[in-house]
1. Quick one: which of Lys317/Lys357; Lys191/Lys513; Lys283/Lys516; Lys423/Lys513 span more than 26 angstrom between C-alpha atoms?
2. Taking the Cα centroid of the stretch 428-442 and of the stretch 458-521, what is the distance between the two, rounded to the nearest whole Å?
3. Taking the chain as the reference, fit the longest principal axis to its C-alpha atoms, fit the long axis of helix 523-536 to the helix C-alpha atoms, and give the angle between the two in degrees, 0 to 90, nearest 10.
4. Report relative contact order for the stretch 308-381 in percent, whole number only (criteria: Cα-Cα under 8 Å, sequence separation at least 6).
5. Given the Cα-Cα distance of Asp458 and Glu238 and 0.36 nm per residue of separation, how much length would full extension add, in nm?
6. Helix 274-286 versus the longest principal axis of the chain: what is the Cα-based angle in degrees, 0 to 90, to the nearest 10?
7. For labels at Gln91 and Ser132 in the simple 7 Å Cα→Cβ model, what's the distance in nm?
8. What does the accessible area of Arg118 come to, in Å² to the nearest 10, when a probe of 1.4 Å is used?
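The values are calculated or read from the model by the stated rules, or taken from the named source; none is laboratory data. Predicted, not measured: the structure shown is a model, and the values here were computed from it. A quick note on method: Cβ atoms are made from the backbone with ideal geometry, for glycine too, and the neighbour counts reach across all protein chains shown. Accessible surface areas use protein heavy atoms only, side chains included; no ligands, DNA or RNA. Shrake-Rupley method; radii C 1.70, N 1.55, O 1.52, S 1.80 Å.
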Amino acid sequence: MRPRTSGPDSGDRARALAADVDVLVVGAGITGIYQLYRAREAGFSAVLLEAGGGVGGTWYWNRYPGARFDSESYTYGYLFSRDLFDEWEWQEHFAEQPETERYLNHVVDRFDLRRDMRFGATVTAAVYDEASARWTVDVADGRVFRGRFLVAATGVLSVPFFPDVPGRDDFAGESYHTGLWPATPVDFAGKRVAVVGTGSSGVQLIPAIAGEVASLTVYQRTANWCTPLNNAPITPDEQAQLRANFGAMCEVLNTSPAGFLHPPHDRSTFDDSADERSAFFEKMWQSPGFSKLTSNYLDLLFDPAANAEWCAFLAGKIRDIVTDPATAEKLIPNGHRYGEHRPPFVTNYYETFNDRKVTLVDLQETPIRRVTETGIETSDGLREVDVIVWATGFDFGTGALRRMGIRGRGGRALEDEWADGPKTFLGVQASGFPNFFFPGGPHAAAGNNPRYNGDQVDFITGTLVYAREHGYDTIEVDPAAEEDWTSMIDRNAARAPSFGASSYYFGANVPGKPRKYLLNAAGRPKFFAMIAEVRASEYQAFRLSSSTESEVAPR
Ligand code: NA7
């Protein structure tokens, strides 16, 4: 047995500096991988820290059965390399999690990024040192990393949320969260399974496991407006077309407000007769993924009467599919319009409730009282199960950043600065936290995530290059610019009636969280306009300075 060491010596050894680089990236999701690539390409030394055992971020942790894209695969993947695009053949229009994880591993190996990645590295503290203008980052296992710049690509949907249900830990069977799914497959065969939550994750999982289980009980608190994903394999002809049209596709994606291919419609709901409307809604129902939102009638999200027409059409579809009328009525949302909550896209979801093994428990009628050793007790009694799956979502937007122990200028804590909601500039920086960036965090746009998160990574990398070229090593957003951007976010959120204050977009799913809009309703156009302004003004929105004052005076 090795002797235990003690005293300052052992502490120093445990805290030995593992790396000191220009750019420390946290998170090996799609944004962090891209940031590592861009930083290295721009000539910075870089290391990426990842809590998980592999790359993928969302596509590493959310490996539950049925997990898949609802943005088209080829629009979600990277576009920075034509060769990469040409050589990777996505199998389906909406890829399942294993394919996406394979793709991201391929990217990492193809661009030799893995050598700068450190896995099992959970960040517990990140402290800015004003004298040296550098960040020191502590990892749970004792490793310490230092970097001039810290880029937290930690994601908006990366901290799983478990509801505070009495007795949750008393359950003696198997229990899982969709966002923390184990690497080894879960065997559902012949088991009595409960799924709590019917957001995008729950409604993907439910039809995927229904065939295997002995019984499936779905605990639904809020019904969602689900529409078909309309997925299909990509045919050889389509593969060829995708390659032939790469340039045109990039043009559409790079200019689309939400980063999707689907073109906007040119009509409003009541421009059409009732018959025309129903034919158009049927076309929407048959259309792929998010086109139901982005290519639907122009006024759908803004005119309650227009929205009600679409909802009535969807309610009719649910009644047509679900054979038990009482179950159908429970599956029809009754408290929110289409688009107020993030719309899920499904494959055979409503059909699953025609299987006699599947039971829907409406928690609005019979709320959960507690979890026991053997199952879930609602106000109408205890149902015993072998497995509980918590498909109960995430601490969206700020969850990861507020838990990383980030300490900026003068030791200020990010979680305190954001106690009433995040304050950012462009969704990439916060004042008081020099040289710290968070692409893909709060106040980014909404839509097809990799597109707008990639815009942010490009902007951040360009800013680092500008600073280097001008002899600055400290970059900190001006509080006034931060204030302007944050008030713009709040103003636009208040104006957009379609964004429901009861959704996780506003932090409403986590008790006690400030009700602040966590995305950017003005979308990519506003972001593009602002970064053009920032560049034209030679980065006036930032305070650029050098830690070695003799070299370059602060501006
Ligand atoms: P979501 O969309 O936040 O869904 C979480 C679900 O869990 C939702 O149905 C919630 O009902 C339900 N929930 C949360 N707390 C409870 C309690 N206490 N009791 C019962 N049910 C509860 O998370 P997902 O993982 O499905 O999707 C997240 C994102 O991942 C998604 O938007 C995509 O971008 C991919 P509620 O609606 O709050 O009544």
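1. Numbers: Lys317/Lys357 22 Å; Lys191/Lys513 36 Å; Lys283/Lys516 35 Å; Lys423/Lys513 15 Å.
Flagged as over cut-off: Lys191/Lys513; Lys283/Lys516.
2. Taking the Cα centre of the stretch 458-521 as reference, the centre of the stretch 428-442 is 9 Å away.
3. 20
4. Values: 45 pairs, mean separation 16.7, N = 74.
RCO, the stretch 308-381: 23 percent.
5. Numbers: separation 220, 0.36 × 220 = 79.20 nm, distance 2.97 nm.
So the chain would gain 76.2 nm between Asp458 and Glu238.
6. 60
7. Calculated label separation equals 4.8 nm.
8. 70
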